[in-house]
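Enquirer: Here it is: the structure, laid out below.
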Amino acid sequence: MNIAILGFGTIGSGVYEIVNQIQAEELKDCKVTKILDLPQNKDKLDIIVCDINDITEDESIDLVVETMGGIHPAYEFIQNCLQHKKHVVTANKAVVAAHMSDFLKSAKENGVQFRFEASTGGGIPWLASIQKAKRIDEISSFYGIFNGTTNYILDSMNTLNEEFETALKKAQQLGYAEANPSADIDGYDVQNKVTISAALAFNSKIDMKDFPCFSMANITYEDIQYLKSHHQMIKYIGQAIKKENMYEAFVMPMVFASNSLEANIPSNFNIVTLNGNTIGELKFYGQGAGKLPTANAIVEDILDIKNQISYGKVSLDKKLSYCNTLLKEKYLIRTNCPIENEWIDSVECKGANYYITTKAISTKDFMKLVNSISDQKAMIAKYM
């Protein structure tokens, strides 16, 4: 199987390294024959090309790996490759979340495969596990730590007693966070992953514009210490739940007991959980990002295509409506502004007020409460 790679950055070079340099029996007849990259990099390898047509028009290429990231020109390149009857594997969560249905349709029309395991969960076989579980069970919900960058920051704040900005800078130095870290710390990355996971778990395309997404940027060292004193830890979570023809989802910080699995996930690792009606709760833990873990997931997709292995048909034909009253939760709010509301009690005053709702309330009621707070630096989290 001849393979082309679009983009030769961290993930693309990882795929090249595994396919062309690891002497695995399964990979013996797989070879990267062309790489699309910038003109200034053409001298790095003699297989680098600068025109997508050099790949789409090459009939010897069977499969294309897209690792460019972003929506454009990734969308156009993926569609072009599928329409030229080439299988496509991608790790690009943004373009998959936005255009999964388009890609699946093009792949079906042209008799090829479109796979995207590496788009969610890095090296964890999360999406394949959803598909396998769904063959028997109806999946009612999932949740977890979907982002390694944010988990690294929170873990550093907790174990090394670092301020948010210090932990973020270290994450950037290690390559976990981009120079502009907004996609990670403001939740857009997790929104994409929740959207992709829900598509497979619920057989439906959900709209990330529907559900709330709260940044973790307001979490402070003092917040971490306050929770520590109560034997608790905060993590950044994505979650979705389905009931009949309705769904609810969110992305936001969540407080866990310090002896829970989620509270003890270290560094840039991820943990994600699904709930099925016969299997119950299943948890999946591992490297959620990074060069070789993500490249490994891409190569697993390549081998599945090569060996004609499928974990079930991906269908988005179920229509779900967003409903903000399915979930009822308690919440923690830290703010310098006093809050007066029937649902909350002030639990501590020490430079800032910490409030916990006195009972579990719906997302609809919670959003009313949040919209009444004028403090732009308020820290808001679900409270287990």
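The values are calculated or read from the model by the stated rules, or taken from the named source; none is laboratory data. No experiment lies behind these values; they were computed from the predicted model shown. Here the Cβ positions follow ideal geometry from the backbone for every residue, glycine too, while neighbour counts run over all protein chains shown. For accessibility, only protein heavy atoms count, side chains too; no ligands or nucleic acids. Shrake-Rupley method; radii C 1.70, N 1.55, O 1.52, S 1.80 Å.
Enquirer: Pairs, please: C-beta under 6 Å, at least 6 apart or cross-chain, first residue modelled with pLDDT of 95 or more and in segment 98-118, second acidic (D, E) and not in a loop (DSSP other than H, G, I, E, B)?
Expert: Going by the 6 Å Cβ cut-off, the qualifying pairs are R115/D301; E117/D301.
Enquirer: Taking the condition of being surrounded by 15 or more Cβ atoms within 10 Å (Cβ to Cβ) and closer than 11 Å to A201 by Cβ, how many residues in segment 121-139 meet it?
Expert: Selection size over segment 121-139: 9.
Enquirer: Right, something else. Output the number of residues of segment 44-67 satisfying the condition of being farther than 19 Å from Q113 by Cα and either open to solvent by 50 Å² or more (accessible area, probe 1.4 Å) or not in a loop (DSSP other than H, G, I, E, B) (or both).
Expert: Number satisfying all stated conditions: 8.
Table: residues versus (1) closer than 15 Å to K382 by Cβ; (2) touching a His at 6+ places or on another chain (Cβ under 8 Å); (3) polar (S, T, N, Q).
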{"site": "D210", "(1), (2), (3)": "no, no, no"}
{"site": "S215", "(1), (2), (3)": "yes, no, yes"}
{"site": "M233", "(1), (2), (3)": "yes, no, no"}
{"site": "N259", "(1), (2), (3)": "no, yes, yes"}
{"site": "E262", "(1), (2), (3)": "yes, no, no"}
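Enquirer: To continue, here is another question. Hey, among the residues in segment 264-275 that are open to solvent by 10 Å² or more (accessible area, probe 1.4 Å) and not in a loop (DSSP other than H, G, I, E, B), which one's farthest from M157 (Cα to Cα)?
Expert: The qualifying residue farthest from M157 (Cα to Cα) is N275.
Enquirer: Next question, about the same structure. Given the criteria out of contact with any Leu (no Cβ under 7 Å at 6 or more places or on another chain), open to solvent by 20 Å² or more (accessible area, probe 1.4 Å) and among the aliphatic types (A, V, I, L, M), does I298 qualify?
Expert: no
Enquirer: Follow-up question, since we're still on this one. Would you call G286 surrounded by fewer than 22 Cβ atoms within 10 Å (Cβ to Cβ) and over 30 Å from D365 (Cβ atoms)?
Expert: Yes.
Enquirer: Six or more apart or on different chains, Cβ under 7 Å: which pairs go from a residue in segment 182-209 that's touching a residue at least 12 places away in the same chain (Cβ under 8 Å) and under 21 Å from F284 (Cβ atoms) to one that's open to solvent by 20 Å² or more (accessible area, probe 1.4 Å) and in a helix (DSSP H, G or I)? Could you list them?
Expert: D189/K93; D189/A183; N192/K93; N192/A94; K193/K93; I196/K93; L200/Q131; A201/K134
Enquirer: Something else about it: Scan segment 30-41 for residues that are assigned to a loop (DSSP other than H, G, I, E, B) and closer than 19 Å to T10 by Cβ and jot them down.
Expert: Within segment 30-41, D37, L38 qualify.
Enquirer: Here is a follow-up. Out of all the residues in segment 180-195, which are open to solvent by less than 30 Å² (accessible area, probe 1.4 Å) and among the aliphatic types (A, V, I, L, M)?
Expert: I185, V190, V194
Enquirer: Could you identify the single residue in T150, T90, T166 that is closer than 20 Å to N2 by Cα and among the polar types (S, T, N, Q)?
Expert: Criteria check complete, one pass: T90.
Enquirer: Exactly one of these conditions fails for F284: (1) closer than 30 Å to G111 by Cβ; (2) of a type outside the set (A, V, I, L, M); (3) not in a loop (DSSP other than H, G, I, E, B). Give me its number.
Expert: (1)
Enquirer: Would you check if M100 is aliphatic (A, V, I, L, M), within 28 Å of D189 (Cβ to Cβ) and buried (at least 22 other Cβ atoms within 10 Å of the Cβ)?
Expert: No; evaluated as a whole, the condition is false for this residue.
Enquirer: Could you look through segment 150-179, keep only residues that are among the polar types (S, T, N, Q) and modelled with pLDDT under 95, and pick out the one that is surrounded by the most Cβ atoms within 10 Å (Cβ to Cβ)?
Expert: Q172
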